[in-house]
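Any read-out appearing in this document is the output of simple, stated calculations on the displayed coordinates, not a laboratory observation. Keep in mind the model is a prediction, meaning the values are calculated, not measured. Cβ atoms come from the backbone with ideal geometry, glycine included; neighbour counts cover every protein chain shown.
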Amino acid sequence: MKTKIIVANWKLNGSIEMVSNYLNYLKNNLLNEFKNNIIIISPPAIYLERMYEDLRHLNIFLAAQNVDINLKGAFTGEISILMLKDIGIRYIIIGHSERRLFHNEKNDYIAKKFDLIKNHNTIPILCIGETEVEKKNGQTKKVIEEQLNSIFRISGPSAFRNTVIAYEPIWAIGTGIASDPEYVQTIHKFIKCYIQKHDIMSKNIIIQYGGSVNSSNAKDFVNQPDIDGLLIGSASLNAKNFLKIIDTSLNID
Ligand code: 13P
């Protein structure tokens, strides 16, 4: 069985009460082993440390939702990779379409974060994907190529070894209208072939799908040969829903 990575992206949601209820639910209801699969929760940064110990016992990892490109200094409001490592974080989501849109993050800036994360022996979860207009105009592959090229330019041909990519078509995020699993499969295949053109020795490229995933459609995605996991937003805010998605998509009964 191929390894799957299931990630809960809480975005700007959560409270001490929610964290506590969520952890309690997981502790009381998580009966199965994940085998070789990886489960990750990405709460807002302020809750990372609070969740660390409990999740470690449950064999669940944490991801940060962002990192700054600077290591330290006069950068008010930012969090550095050294700080994330200091509290035991291994995964960092970057390039999410919400950061691209609301924080004006561009491909080259995201590529710097990607390189920084790799250079500190942590694992980037790089989000890529096209807008609805770009899809309608037949530009999906071109947009994705540009997103990947900026990474290759800074990190070289073997950039994607030991990393995670999340294909999140922007039109499917938060809309309740998930993409068609067969369409996603063709895009994932395209991404893998494109990376292999640069890095012929590359194998085990992990690409998750994200965009309106829920407990009813999760399995249809992970059953596709090149969909290696899920990046889940709103459906992951409820611990029961998240566990249901894990159970159905990992085939654990
Ligand atoms: P939704 O699952 O709420 O559509 O969000 C997807 C997403 O953006 C995960 O990063």
For every other residue with a beta carbon closer than 11 angstrom to the beta carbon of W171, add +1 if it is Lys or Arg and -1 if Asp or Glu, then tell me the sum. -2
Can you check what the net charge comes to around I200, using other residues whose Cβ is under 15 Å from the Cβ of I200 (Lys, Arg +1; Asp, Glu -1)? +3
Find which of T131, I207, N121 sits farthest along the positive direction of the dipole of the chain, computed with +1 on the beta-carbon of Lys and Arg, -1 on that of Asp and Glu, about the Cα centre. N121
Dipole check, the chain, charges on Cβ (K,R +1; D,E -1), about Cα centroid: among A235, F75, V164 the Cα furthest to the positive pole belongs to V164
Spin-label pair K35/C193, simplified geometry with 7 Å Cα→Cβ offset, distance in nm: 2.9
Sequence-distant lysines (8 or more away, or on other chains) whose Cα lies within less than 21 Å of K35: K2, K4, K27, K203, K219, K240, K244
Candidate lysines for bridging to K72, where Cα separation is under 23 Å - those fewer than 8 sequence places away on the same chain excluded: K85, K106, K112, K113, K118
Work out from phi, with θ = phi - 60° and the Karplus expression 6.51 cos²θ - 1.76 cosθ + 1.60, the ³J(HN,Hα) of each residue of the stretch 232-246, listed in order in whole Hz, and give x for Gly and Pro. 10, x, 4, 5, 8, 6, 9, 4, 5, 4, 4, 5, 5, 5, 4
Output wanted: per-residue J couplings in Hz (rounded whole) for the stretch 46-54, from phi through Karplus 6.51 cos²θ - 1.76 cosθ + 1.60, θ = phi - 60°, x for Gly and Pro. 5, 9, 4, 5, 4, 8, 4, 5, 4
By counting other Cβ atoms within 10 Å of each Cβ, how are V133, V213, V222 ranked from fewest to most? V133, V222, V213
Could you list H188, H103, H120 so that the one with the fewest beta carbons within 10 Å of its beta carbon is first and the one with the most is last? H103, H120, H188
Relative to the Cα centre, what is the charge dipole magnitude of the chain, using +1 at the beta carbon of each Lys and Arg, -1 at the beta carbon of each Asp and Glu, and rounding to the nearest 20 debye? 440
Residue-averaged 222 nm ellipticity for the chain, from DSSP H runs of 4+ at -39500 (n - 2.57), nearest 500: -12500 deg cm²/dmol
Beta carbons within 10 angstrom, averaged per residue: use that to sort the peptides 33-43, 78-88, highest first. 33-43, 78-88
Rg/Rh for the stretch 59-169, where both radii come from Cα atoms and Rh is the Kirkwood radius: 0.98
Wrap a convex hull around the Cα atoms of the chain, take a quarter of its surface area, and give that in square nanometres. 13.0
Net charge near L101: determine it from the other residues with C-beta under 15 Å of the C-beta of L101, scoring Lys and Arg +1 and Asp and Glu -1. -2
Once phi is turned into θ = phi - 60°, what whole-Hz ³J(HN,Hα) does the Karplus curve with 6.51, -1.76 and 1.60 give for every residue of the stretch 68-83, x standing for Gly and Pro? 7, 7, 9, 7, 6, x, 7, 9, 3, x, 9, 10, 9, 4, 5, 5
Determine the relative contact order of the chain: mean sequence separation of Cα pairs under 8 Å and six or more apart, normalised by residue count, in whole percent. 20
Packing-based ranking, highest mean first, of 202-209, 231-238, 155-162, 21-28 given that Cβ atoms within 10 Å are counted: 231-238, 202-209, 155-162, 21-28
